[in-house]
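Q: One structure, as structure tokens, below. Some questions next.
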Amino acid sequence: MRHTISVLVENKFGVLARIAGLFSARGYNIASLAVSETLDPTISYMTIVVEAKDEKVLEQIMKQLNKLIDVISVTDFTNKEHVERELVLVKVDYSAKQKAKLEAILKKYVGKIVQRKASIAVIEAVGEEKQIKQLLESLSSFGVKELIRTGKIALAY
Amino acid sequence: MTGAQILIESLKREGVEVIFGYPGGQVLPLFDKLYDADFKFILVRHEQGAAHAADGFSRATGKVGVCIATSGPGATNLVTGIATAFMDSIPMVAITGQVKTTLIGNDAFQEADITGITRPITKHNYLVKDIKDLSRTVKEAFYIASTGRPGPVLIDVPLDIQQQEAEFVWPETVEIRSYKPTLFGHPGQIKKAAKLIAGSKKPIIYAGGGIITSGASLALRQLAEKIQAPVTWTLMGIGCFPTIHKLGLGMLGMHGTAYANHAITDADLIIAVGARFDDRVTGRLDAFAPKSKVIHIDIDPSSISKNFRVDVPIVGDAKNIIGELLEQIKKIPETSNWVKEVEALKKKHPLTYKEGKLIKPQFVIEQIDEATKGDAIITTEVGQNQMWAAQWYKCNHPRTFISSGGLGTMGFGFPAAMGAKMGCPDKQVFDIAGDGSIQMNIQELATCVCNKIHVKVAILNNGYLGMVRQWQELFYKKRYSQTCITGPDFVKLAESFGAVGIRVTKNEEVRPAIEKALAIDNTVLIDFQIEPEENVFPMVPAGGAINNMISGLA
């Protein structure tokens, strides 16, 4: 099962390597990882989506992360109220005959065209996992040329 | 002060007296200042020896061991020693030189990314890029190494940082917002544990290295005696409880005593303290302690329910928690039948071996035990020698059995003995070695002789890499693939280093040779030519249930 966890870490060089090294050394899987500075420039915030086959594995991942000296706190969002978003950029075919169909999709799902050039369009979409998934599924018949995702970010409230 | 002086002053402030190390190009400024400093500096013959010696020093004294090496190969030679200390939670600070900050990442001469290399085998590590961080880094390193679940910390110091000048500012206290070890157990959990204990009929204490780290031996003994529970221990726990105590069951697990393994299988309550349910202890997990409830006390939350189910976890320092438990246990469980049952197990399945014409290794260790009255510090290499030492030397005091438990590092025992002797000069220190292992760090003979670190080495010489050979005998149809190993003439070898060598080929020479070695004021190597194909028994085959042991005598 996928879990979204947030990790507050000291904003020092090598911290990302420590986290990544922990996951690879212990055989845990990262589905996505997003890192950035917080309001306090000495602290970075990571949102990690992990694959854990059961609760026991998730518990170990959390404990092992907590054990790293540079990790300040670890939160699992599974049973926590939170907002989560991901941003994707999709480059699709935008030829005349596709135009109307594509615009219909973008009306129905999240996403807007942010760049156009000749018969190519770049779509930007921000949304929850489910919304992004729906959009990408409906775009799959459009000849997706390139796709890039930021990975999920999440914030508890 | 220069960076080198700051480093030295910081080490002094941390109370460091002994340093093991080896110089090199990128630590020249540091060694120049060490020339005038009054540490006991032990120049080893290989950096791996420095790391193991610092580790052995730490295990024998409880203080933080310190080793120093240069950049590149000097640093990478420390790696096995750092990993050994990491697996056994030994506090150690390793200082390495690094190329100048301006050259880092340029593939400079003798450059290695040692912080990258040691990230998974240190508790924490630092690359000092600003001289202003240096003294605080040393302070933090010692604090992190020695608190919580201890471990090695590495500080990588580039050449130019050693040369730069800065004012020396010593932080008297350490505050790391992201590192706050839990020292005291949760009162609610301790009450729950006391209740479980009160209701148990067959409790057993399973003690690990955490008892020794925490200095909880006396508390452990009080607990065992108060609730009349037998005590078994891990390899790392040897010495945490007197072997000769009525409630002592010796080591459990793969080469543990049969009675310890049977007792834990029959128990209705396991009180695990400072132990981590390692695979060499539990054997097949679903057959381990099937009828038992489990209380698990450990300072490392990640040790709890990592391998084995637990009913009452308590995170914190073993000594504090046992102390609290002793107060909370109001009702003493009735265990007299259980204690009798366990005593019967002891009589039924004693540790034993067949005497023979050739010298038996078990006999050698029994004789060392008698000759030193169980009062020496024993270090071991890894393999059969280690298991025989664990089974037959009757350790009764913490910090007197020093062995690479987690990593299983051959070549550990001899340099570790050197470190232990530096920490405890008034103690006899005996390395129990195999002829294979001793050849892995034999160069340290020069260090011992040169610095008058008079350790004794008992080589159980069977001409084999014995433990691997044993597995090949039992599980690979006696196909002894690359396990027959030759060695030098150990007597001549010892003499060539200025040490003393003694060869022993007969049973009746064993005891006199040990007495002689103990009396000689020099490093002594005793080459015991033992029964070549003697096996370590009892034994639980890998992945088997721990109460299903091969005795080898049936």
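Read the figures in this text as sums done on the coordinates, not as results from a lab. The shown structure was predicted, so the numbers you read here are calculated from the model rather than taken from an experiment. Neighbour counts are summed over all protein chains in view; Cβ atoms, including those assigned to glycine, are modelled from backbone coordinates with ideal geometry.
Q: Output yes when any residue across the stretch B:518-540 is surrounded by 13 or more Cβ atoms within 10 Å (Cβ to Cβ), in a helix (DSSP H, G or I) and in contact with a helix residue (DSSP H, G or I) (Cβ under 9 Å, 6 or more places away or on another chain), and no when none is. If you could, list the steps in order and put the result at the bottom.
A: Our first condition is that a residue be surrounded by 13 or more Cβ atoms within 10 Å (Cβ to Cβ); within the stretch B:518-540, this holds for B:518, B:520, B:522-540.
Narrowing the set further to residues that are in a helix (DSSP H, G or I) leaves B:518.
Filter again for in contact with a helix residue (DSSP H, G or I) (Cβ under 9 Å, 6 or more places away or on another chain), leaving B:518.
Scanning the stretch B:518-540 turns up at least one residue that is surrounded by 13 or more Cβ atoms within 10 Å (Cβ to Cβ), in a helix (DSSP H, G or I) and in contact with a helix residue (DSSP H, G or I) (Cβ under 9 Å, 6 or more places away or on another chain).
Yes/no per residue for (1) crowded, with 18+ Cβ neighbours inside 10 Å; (2) part of a strand (DSSP E or B); (3) touching a Pro at 6+ places or on another chain (Cβ under 6 Å); (4) within 14 Å of chain B (Cβ to nearest Cβ):
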position	(1), (2), (3), (4)
A:Val50	yes, yes, no, no
A:Lys56	no, no, no, yes
A:Ile61	yes, no, no, yes
A:Asn66	no, no, no, yes
A:Asn79	no, no, no, no
A:Val90	yes, yes, no, no
A:Ala104	no, no, no, no
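Q: Being under 30 Å from the mean Cα position of the chain (by Cα) and of a type in the set (Asp, Glu) is the filter; apply it to the stretch B:144-189 and report the residue that is nearest to B:Val315 (Cα to Cα).
A: B:Glu175
Q: Would you be able to tell me the number of residues in the stretch B:159-178 that are within 14 Å of chain A (Cβ to nearest Cβ) and either in contact with a Ser or Thr (Cβ under 6 Å, 6 or more places away or on another chain) or of a type in the set (Asp, Glu) (or both)?
A: Qualifying residue count, the stretch B:159-178: 1.
Residues checked against (1) closer than 24 Å to B:Arg177 by Cβ; (2) not hydrophobic (A, V, I, L, M, F, W, C):
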position: A:Val15; (1), (2): yes, no
position: A:Ser44; (1), (2): yes, yes
position: A:Glu55; (1), (2): no, yes
position: A:Asn66; (1), (2): yes, yes
position: A:Asp70; (1), (2): yes, yes
position: A:Phe77; (1), (2): yes, no
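Q: If A:Ala20 meets every condition in (1) outside any strand (DSSP E or B); (2) within 11 Å of chain B (Cβ to nearest Cβ); (3) touching an Asp or Glu at 6+ places or on another chain (Cβ under 8 Å); (4) aliphatic (A, V, I, L, M) apart from one, which number is that one?
A: Of everything listed in (1) outside any strand (DSSP E or B); (2) within 11 Å of chain B (Cβ to nearest Cβ); (3) touching an Asp or Glu at 6+ places or on another chain (Cβ under 8 Å); (4) aliphatic (A, V, I, L, M), A:Ala20 misses just condition (3).
Q: With touching a residue at least 40 places away in the same chain (Cβ under 8 Å), crowded, with 24+ Cβ neighbours inside 10 Å, polar (S, T, N, Q) and out of contact with any Phe, Trp or Tyr (no Cβ under 6 Å at 6 or more places or on another chain) as the only criterion, which of B:Thr213, B:Thr243, B:Thr182 stands out?
A: Working: B:Thr243 fails: crowded, with 24+ Cβ neighbours inside 10 Å; B:Thr182 fails: crowded, with 24+ Cβ neighbours inside 10 Å.
Unique residue meeting the criteria: B:Thr213.
Q: Considering the stretch B:179-210 alone, what residues qualify as being more than 13 Å from B:Ile297 (Cα to Cα), in contact with a Ser or Thr (Cβ under 8 Å, 6 or more places away or on another chain) and of a type in the set (Gly, Ala, Ser)?
A: B:Ser200
Q: Tell me, which residue of the stretch A:23-48 that is crowded, with 17+ Cβ neighbours inside 10 Å and not in a strand (DSSP E or B) is nearest to the other protein chains (Cβ to nearest Cβ)?
A: A:Phe23
Q: Answer with yes or no whether B:Ile8 is of a type in the set (A, V, I, L, M) and surrounded by fewer than 24 Cβ atoms within 10 Å (Cβ to Cβ).
A: On the way: of a type in the set (A, V, I, L, M): yes; surrounded by fewer than 24 Cβ atoms within 10 Å (Cβ to Cβ): yes.
For B:Ile8, the condition - of a type in the set (A, V, I, L, M) and surrounded by fewer than 24 Cβ atoms within 10 Å (Cβ to Cβ) - is met.
Q: Going by the structure shown, is B:Gly49 of a type outside the set (A, V, I, L, M) and on the phi > 0 side of the Ramachandran plot? Don't jump to the end; show me each part of the working.
A: Details: of a type outside the set (A, V, I, L, M): yes; on the phi > 0 side of the Ramachandran plot: no.
So B:Gly49 does not fit the description; no.
Q: So, B:Asn535, is that one of a type in the set (S, T, N, Q) and over 20 Å from B:Met410 (Cβ atoms) or not?
A: Working: of a type in the set (S, T, N, Q): yes; over 20 Å from B:Met410 (Cβ atoms): no.
Answer is no for this residue.
Q: Here's something else I'd like to know. Might you check whether a residue that is surrounded by fewer than 22 Cβ atoms within 10 Å (Cβ to Cβ), without any contact (Cβ under 8 Å) to a residue 12 or more places away in the chain, more than 14 Å from every other protein chain (Cβ to nearest Cβ) and not charged (D, E, K, R) occurs anywhere in the stretch B:67-78?
A: Among the residues of the stretch B:67-78, not one is surrounded by fewer than 22 Cβ atoms within 10 Å (Cβ to Cβ), without any contact (Cβ under 8 Å) to a residue 12 or more places away in the chain, more than 14 Å from every other protein chain (Cβ to nearest Cβ) and not charged (D, E, K, R), which makes the answer no.
Q: Please give the number of the condition B:Arg469 fails out of (1) touching a residue at least 24 places away in the same chain (Cβ under 8 Å); (2) part of a loop (DSSP other than H, G, I, E, B); (3) farther than 17 Å from B:Gln48 by Cα.
A: Condition not satisfied by B:Arg469: (2).
Q: Could you check the stretch B:112-131 and list, in sequence order, the residues that are more than 13 Å from B:Thr76 (Cα to Cα), within 11 Å of chain A (Cβ to nearest Cβ) and in contact with an Asp or Glu (Cβ under 9 Å, 6 or more places away or on another chain)?
A: B:His124, B:Asn125, B:Tyr126, B:Leu127
Q: For the stretch A:68-100, give me each residue that is among the charged types (D, E, K, R) and in contact (Cβ under 8 Å) with a residue 40 or more places away in the chain. Before you say what the answer is, go through the steps one by one.
A: At the first step, the residues of the stretch A:68-100 found to be among the charged types (D, E, K, R) are A:70, A:76, A:80-81, A:84-86, A:91, A:93, A:97, A:99.
Passing the criteria: A:Asp70, A:Asp76, A:Lys80, A:Glu81, A:Glu84, A:Arg85, A:Glu86, A:Lys91, A:Asp93.
Q: Any chance you could count how many residues in the stretch B:284-300 are surrounded by 17 or more Cβ atoms within 10 Å (Cβ to Cβ) and over 21 Å from the mean Cα position of the chain (by Cα)?
A: Step one: list which residues in the stretch B:284-300 are surrounded by 17 or more Cβ atoms within 10 Å (Cβ to Cβ), which gives B:288-289, B:292-300.
Subsequent filtering for residues that are over 21 Å from the mean Cα position of the chain (by Cα) retains B:288-289, B:292-296.
The total comes to 7.
Q: Let me spell it out: the conditions are (1) under 21 Å from B:Thr80 (Cβ atoms); (2) in contact with a Lys or Arg (Cβ under 8 Å, 6 or more places away or on another chain); (3) among the aromatic types (Phe, Trp, Tyr), and B:Tyr353 meets all of them except one. Which number is the exception?
A: B:Tyr353 satisfies every listed condition except (1).
Q: Here's something else I'd like to know. Going through B:Leu235, B:Leu220, B:Leu249 one at a time, which residue ends up being touching a residue at least 24 places away in the same chain (Cβ under 8 Å) and either part of a helix (DSSP H, G or I) or surrounded by fewer than 24 Cβ atoms within 10 Å (Cβ to Cβ) (or both)?
A: One residue alone meets the criteria, B:Leu220.
Q: Residues of the stretch A:1-13 being within 13 Å of another protein chain (Cβ to nearest Cβ) and touching a residue at least 12 places away in the same chain (Cβ under 8 Å), which ones? Break it down stepwise before answering.
A: Here is the first cut: in the stretch A:1-13, the residues within 13 Å of another protein chain (Cβ to nearest Cβ) are A:7-13.
Across the stretch A:1-13, the qualifying residues are A:Val7, A:Leu8, A:Val9, A:Glu10, A:Asn11, A:Lys12.
Q: To continue, here is another question. Collect the residues in the stretch B:31-59 that are farther than 22 Å from B:Ile114 by Cα, out of contact with any Ser or Thr (no Cβ under 8 Å at 6 or more places or on another chain) and buried (at least 20 other Cβ atoms within 10 Å of the Cβ), keeping them in residue-number order.
A: Quick first cut of the stretch B:31-59, residues farther than 22 Å from B:Ile114 by Cα only: B:32-42, B:56-59.
Still in the running and out of contact with any Ser or Thr (no Cβ under 8 Å at 6 or more places or on another chain): B:32, B:34-41, B:57-59.
Of everything in the stretch B:31-59, those that are farther than 22 Å from B:Ile114 by Cα, out of contact with any Ser or Thr (no Cβ under 8 Å at 6 or more places or on another chain) and buried (at least 20 other Cβ atoms within 10 Å of the Cβ) turn out to be B:Leu34, B:Phe57, B:Ser58, B:Arg59.
Q: Of everything in the stretch B:286-313, what is in contact with an Asp or Glu (Cβ under 8 Å, 6 or more places away or on another chain) and hydrophobic (A, V, I, L, M, F, W, C)? Give them in sequence order.
A: Of everything in the stretch B:286-313, those that are in contact with an Asp or Glu (Cβ under 8 Å, 6 or more places away or on another chain) and hydrophobic (A, V, I, L, M, F, W, C) turn out to be B:Val294, B:Ile295, B:Ile299, B:Ile304.
Q: Do the conditions hold for B:Gly199, that is, is it exposed (fewer than 15 other Cβ atoms within 10 Å of the Cβ), over 30 Å from B:Glu343 (Cβ atoms) and away from every other protein chain (no Cβ under 14 Å)? Give the steps one after another, and end with the answer.
A: Values: exposed (fewer than 15 other Cβ atoms within 10 Å of the Cβ): yes; over 30 Å from B:Glu343 (Cβ atoms): no; away from every other protein chain (no Cβ under 14 Å): yes.
Criteria not met by B:Gly199.
Q: May I ask you to list the residues in the stretch B:153-166 that are of a type outside the set (A, V, I, L, M), assigned to a strand (DSSP E or B) and in contact with a Leu (Cβ under 9 Å, 6 or more places away or on another chain)? Outline the logic, then answer.
A: First pass over the stretch B:153-166, keeping only residues of a type outside the set (A, V, I, L, M): B:156, B:158, B:160, B:162-165.
Now drop any that are not assigned to a strand (DSSP E or B), which leaves B:156, B:158, B:165.
Once the filter is applied, which keeps residues that are of a type outside the set (A, V, I, L, M), assigned to a strand (DSSP E or B) and in contact with a Leu (Cβ under 9 Å, 6 or more places away or on another chain), the stretch B:153-166 yields B:Asp156, B:Pro158.
Q: A further question on this structure: How do the pairs read when you match residues in the stretch B:115-144 that are without any contact (Cβ under 8 Å) to a residue 40 or more places away in the chain with residues anywhere that are of a type in the set (Phe, Trp, Tyr), using Cβ under 6 Å and keeping only pairs 6 or more apart or on different chains?
A: Matching pairs, first to second residue: B:Thr137/B:Tyr126.
Q: Across the stretch B:11-30, what is the number of residues that are buried (at least 19 other Cβ atoms within 10 Å of the Cβ) and in a helix (DSSP H, G or I)?
A: Number of matching residues: 5.
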